[in-house]
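The values are calculated or read from the model by the stated rules, or taken from the named source; none is laboratory data. On a predicted model such as this, the values are computed, not experimentally measured, just so you know. So basically every Cβ, Gly included, is an ideal-geometry build from the backbone, and we count neighbours across all protein chains shown. Protein only, heavy atoms only, side chains kept; ligands, DNA and RNA dropped before computing areas. Shrake-Rupley method; radii C 1.70, N 1.55, O 1.52, S 1.80 Å.
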Amino acid sequence: MSRRPVAQINLAALSHNLRRVQQLAPASKVLAVLKANAYGHGLVKVAQALTDADAFAVARIDEALALRTGGIVKPIVLLEGFYEAAELPILLANNLQSVVHNELQLQALEQAELDGQLKVWLKIDTGMHRLGIAPEQFAEFYRRLWQCPTVQPGIRLMSHFCCADIPGSAKTEQQLAMFQQLCNDKAEQQSLANSAAIISLPQSHGDWVRPGLMLHGISPLPNQQGQQHLLHPVMRLSSRLIAMRQVKQGETVGYGGHWQATATTWIGVIAIGYGDGYPRHARNNTPVWLAGREVKLVGRVSMDMITVDLGESPIEAIGAEAVLWGPELAIERVAECADTIPYELLCNITPRVDYRYITTLLN
């Protein structure tokens with residue numbers, strides 16, 4: 001019996017979730033966002049499974065090159081764009097598309113001497129105040145990009161919502177109105193909608209939607225779970241029960257005596273911890289699915305182990321499977337108990353975890 005935790009990645013569930021995106025935005029193309037190792041699911045494997053996506057988006061050039069090395073030939077967009085002019089020949093040679101979001105990038109394109117032209121997405125800051133040109137810069141950037149000999153005709157226009165996960169947000173409505181005011185008289189293709197907007201703001205879908213989290217079966221909206229949007233969880237993180245012991249009333253468990261038994265009970269030890277990516281700040285009573293029933297985390301999360309309360313008459317045996325999140329236990333619940341978001345849990349899985357890919361829809 002291996003004590004190594006397993007992240008089982010269900011590629012059939014992934015394909016199902018892409019079809020769900022297409023059902024929600026039937027008139028839009030899909031730019032599948034695969035940054036941060038496809039949200040911790042495995043960059044190349046996920047891209048290879050998303051055969052019906054129209055294009056892929058990553059944050060950085062190394063991610064894009066890893067996709068090309070893995071045999072991915074579909075369009076790839078760099079969401080942060082290129083960092084320096086020396087990268088432009090690499091983008092051209094690998095047929096990579098770049099977001100342009102500042103003056104230095106525009107100047108680099110204007111001054112470059114390339115053997116071809118690059119596809120460019122112009123990002124406008126409509127209120128996120130992270131990346132993107134100011135609205136008052138739009139007309140000039142648009143004109144200069146059209147005149148730039150290194151840029152392909154047909155500039156794509158995009159922005160990013162900051163509050164799309166807050167239904168009815170006035171900020172989202174303001175961003176949408178600003179983007180439409182700037183861009184709707186242009187013939188260019190447009191992209192605004194992330195996962196949250198795909199679900200909650202159909203008027204923002206435009207020519208391209210950009211699903212990320214929802215592809216992995218997780219709700220981008222607060223206090224909801226993926227199944228409420230007909231999504232299937234892709235990752236199933238599991239480990240094994242490796243020890244059991246009885247503790248008496250008043251005895252404590254774990255570092256710092258963080259949890260004290262209120263009655264005599266049995267404690268189970270599961271082989272996973274923050275060294276594997278399980279959240280260290282998960283509170284007492286965080287749910288764990290153990291051998292067909294839900295038990296509660298007790299005591300502090302250790303580097304390699306967690307402890308759970310099995311009750312006064314445990315039914316489990318050493319070697320029993322524990323699911324930390326997956327079809328049996330929504331990751332959204334675990335994230336809430338750890339005062340974080342599902343994105344962080346997924347991205348924090350470490351190389352100590354064994355990744356296994358399956359192609360059968362289990363749920």
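Projecting the Cα atoms of Ala291, Tyr274, Ala32 onto the charge dipole of the chain (Cβ charges, centred on the Cα centre) puts Ala291 farthest toward the positive pole.
Using C-alpha pairs under 8 Å with a sequence gap of at least 6, the mean separation divided by the residue count of the chain gives a relative contact order of 19 percent.
In vacuo Debye scattering of the stretch 267-339, one point per C-alpha: log10 I(q)/I(0) at q = 0.12, 0.18, 0.22, 0.23 Å⁻¹? These q points yield log10 I(q)/I(0) values of -0.27, -0.62, -0.95, -1.05. If we count every other residue with Cβ under 12 angstrom of Phe161's Cβ, Lys/Arg +1 and Asp/Glu -1, where does the sum land? Once all neighbours under 12 Å are counted, the net charge is 0.
Within the accessible surface of the chain, defined with a 1.4 Å probe on protein heavy atoms only, the carbon and sulfur portion equals 49 percent.
The convex hull defined by the C-alpha atoms of the stretch 208-319 has an orientation-averaged projected area of 8.5 nm². Accessible area per residue for the chain, computed on protein heavy atoms with a 1.4 Å probe, is 44 Å².
For the chain, the number of Lys pairs with C-alpha atoms closer than 20 Å, counting only pairs eight or more positions apart or on separate chains, is 14. Note the listed values [x] 89, 51, 33; [y] 77, 43, 37; [z] 60, 50, 37, then indicate which one is Cα extents along the principal axes in Å calculated from this particular structure. After the calculation, the listed value that fits is [y].
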